[in-house]
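Data block below; observations after.
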Amino acid sequence: MIEILWQCHACVVVNKPVGLPTTSPKGTDSLESCLREQFAQAGGNPVSYLTAVHRLDRPVSGLVLIALRKKAARLLSEQFRLRHVQKKYIAMVQGNALEACKQEPWHDTIAKLTDEARVEIVGLDSTDGRQAETKVSFLEYDSESDTSRIELRPVTGRMHQLRIQSAHRGHPIVGDPLYGTAEDESALRLAAAKLSFRDPTNGRAVEVKLPELPF
């Protein structure tokens, strides 16, 4: 069962589990396919429309906004385009990230590597690079595990933005095999913890938080 944390007749905010892709080809499990089945079992009829307005990587858990009407999807997508949607992530990173967080916001130019599902930091003059900005806050440092908990509030939405920006500053996210030293991504310590947007049915401000953090 996918946990639903907020809903109206046009959209819902759900808590995506770790390891489940937001979308996937027909015949394989995804957040969208699991929700379609869940709604059909609850109501007795298949839903006519369901789409994720934004995505989280497979190993990232947390809040995802799902539109249940085409008009809602259009209105919510416009909010994302205009950067009216506020997102907050919590991450556990390697080392003491206090100094890195003082140098905020993080500005970088990110480019996707050819034929690879990963990105790199490039120079401002790169023709393939896209600007990335993230506001950050330091939360706490655990000397025993040599890890820090930090808050990440992305202004832009580039591929692997939070993962590459953290690693670029010497503090890869714990459990990240692409930009850190982990062997696999099943234990990636990154969660979408808060989502703020406007209800597409009435324009009212909505803020949804995870009831508890997974780490």
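The values are calculated or read from the model by the stated rules, or taken from the named source; none is laboratory data. Just so you know, these numbers come straight off a predicted model, no measurement behind them. When we count neighbours, we look across all protein chains shown, and the Cβ atoms used for this are built from the backbone with ideal geometry, even at glycine. Areas reflect the complete protein model, heavy atoms only, side chains present, ligands, DNA and RNA absent. Shrake-Rupley method; radii C 1.70, N 1.55, O 1.52, S 1.80 Å.
Structure above, values below:
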{"item": "Charge dipole (debye, nearest 20) of the stretch 3-85; +1 at Cβ of Lys and Arg, -1 at Cβ of Asp and Glu", "result": "380"}
{"item": "Cα-based shape type of the stretch 3-85, given that a ≥ b ≥ c are square roots of the gyration tensor eigenvalues and the cut on a/c is 1.5", "result": "oblate"}
{"item": "Ranked packing of 199-208, 9-18, 94-103, most packed first, by mean Cβ within 10 Å", "result": "9-18, 94-103, 199-208"}
{"item": "Lys71-Thr181 pseudo-label distance in nm [points 7 Å out on the Cα-to-Cβ vector]", "result": "5.5"}
{"item": "Label-point gap, in nm, between Arg55 and Phe215 - each point 7 angstrom along Cα→Cβ", "result": "2.2"}
{"item": "Rounded if a/c under 1.5, otherwise prolate or oblate - the stretch 88-190, Cα gyration tensor axes", "result": "oblate"}
{"item": "Calculated FRET value between Cys8 and Gln103, using beta carbons and R₀ = 35 Å, to 0.05", "result": "0.30"}
{"item": "Order of exposure, largest accessible area first, which applies to Trp106, Trp6 with probe 1.4 Å", "result": "Trp6, Trp106"}
{"item": "Residues Glu207 and Ala40, FRET efficiency given R0 of 41 Å [Cβ-Cβ distance, rounded to 0.05]", "result": "0.90"}
{"item": "Pair Gln131, Arg81: separation of 7 Å Cα→Cβ label points (nm)", "result": "1.9"}
{"item": "Degrees separating the helix 31-43 axis from the principal Cα axis of the chain, which is the longest one", "result": "30"}
{"item": "Heavy atoms of Leu124 accessible to a 1.4 Å probe, total area in Å² rounded to 10", "result": "140"}
{"item": "Accessible-area ranking of Asp184, Asp128, largest first, probe 1.4 Å", "result": "Asp128, Asp184"}
{"item": "With eigenvalues of the C-alpha gyration tensor scaled by 5 and rooted, the chain, Å", "result": "30, 19, 18"}
